[in-house]
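Each reported figure results from applying straightforward, stated rules to the coordinates on display, with no laboratory input. Just so it is clear, the model here is predicted, and its values are computed rather than measured. Note that each Cβ is placed from the backbone with ideal geometry, even for glycine, and that neighbours are counted across all protein chains shown.
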Amino acid sequence: EDQVTQSPEALRLQEGESSSLNCSYTVSGLRGLFWYRQDPGKGPEFLFTLYSAGEEKEKERLKATLTKKESFLHITAPKPEDSATYLCAVRGGGSQGNLIFGKGTKLSVKP
Amino acid sequence: DTGVSQDPRHKITKRGQNVTFRCDPISEHNRLYWYRQTLGQGPEFLTYFQNEAQLEKSRLLSDRFSAERPKGSFSTLEIQRTEQGDSAMYLCASSPRGAANTGELFFGEGSRLTVL
């Protein structure tokens, strides 16, 4: 069964303190790994798509990387506005519409 | 604003009542998705439309749930005989033609259902 596990569940950082979030996955025929950001009371907002091991994507202070079994979301010198829940999702070979999401990592960045 | 619009944003109902949610996707997006999210969990897939055709349904979508997308525009999600376990945020998302494999879904702000 396709599965996504994210760690840690929650992460508290001081402003400027860099760290990484982990997403490990098991899926048959990976057709993409996706990162989303979700603010309280809002729908998820798309950040990145990664397709193959070794691929990297960057956006401002965020950098996503992918291996054959996991993905990392690196946050460099975070700011309080980076506080949100970060969701990882995968799409397997058997689906066009179904993204399988992890439970997310709730990030808090204190000034 | 041309984002995904959902209505109502909040719905409180008594167990056994029927509820209906509406989703207006971004215009010209041909794909529309429904997800359900409970507190502390990630979104769970319910169903997916390409234009007016319902192409996938999750096992979570019991026979009390029905979704439609007449004319390939807005969509409705109806829950009949609601149960307390149906309490959740119901999220709608859309994506344009060609974005099927990028995973870039545009989510609305959701409709929160509370079943008493």
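Once you average over the residues of A:37-44, how many Cβ atoms of partner chains fall within 10 Å of each Cβ?
Mean partner-chain Cβ count within 10 Å for A:37-44: 5.
Residue by residue along B:106-112, Cβ atoms of other protein chains within 10 Å of the local Cβ number 3 on average.
Give, as a single signed number, the net charge of other residues whose beta carbon lies under 12 Å from the beta carbon of B:Glu83, with Lys and Arg counted +1 and Asp and Glu -1. Result for the local shell: +3.
Using a 10 angstrom Cβ neighbour count of at most 15 plus a DSSP loop assignment to flag exposed GluC sites (Glu not before Pro), which longest range of chain A is free of such sites?
Longest run free of exposed loop sites: A:61-111.
Cα-Cα pairs above 21 Å in the protein assembly as shown: how many percent? Taking all Cα-Cα pairs of the protein assembly as shown, the fraction more than 21 Å apart is 55 percent. Shielding of peptide A:101-111 by partners, expressed as the average count of other chain Cβ atoms within 10 Å per residue Cβ, is 2. Loop-located GluC sites (Glu not before Pro) in region B:1-72 (DSSP state not H, G, I, E or B) with no more than 11 neighbouring Cβ atoms inside 10 Å: B:Glu28.
In terms of surrounding Cβ atoms within a 10 Å radius of their Cβ, A:Ile75, B:Ile12 rank from fewest to most as B:Ile12, A:Ile75. Within region A:27-53, which residues have the backbone N less than 20 Å from the label spot 7 Å out from A:Ser19 along Cα→beta-carbon, could you tell me? It comes to A:35-40, nothing else.
Taking label points 7 Å from Cα along the Cα-to-Cβ direction, B:Thr13 and B:Ile26 give a separation of 2.9 nm.
Shown for B:Ser87, A:Ser28, B:Ser94: other C-beta atoms within 10 Å of each C-beta, ranked fewest to most, produce the order A:Ser28, B:Ser87, B:Ser94. Between B:Arg22, B:Arg81, B:Arg59, the residue with the greatest mean-square fluctuation in the GNM of chain B (Cα pairs under 10 Å linked by springs) is B:Arg59. Across region A:3-110 the C-alpha pair distances fall into 10 Å bins from zero in the proportions 16, 50, 29, 5, 0 percent. Separation of region B:31-69 from region A:44-99 is 23 Å, based on Cα centroids.
Once the mean of 1/r is taken over each pair of separate Cα atoms and inverted, region B:54-116 shows a Kirkwood hydrodynamic radius of 13.5 Å. Pairs of C-alpha atoms in chain B farther apart than 24 Å represent 19 percent of all such pairs.
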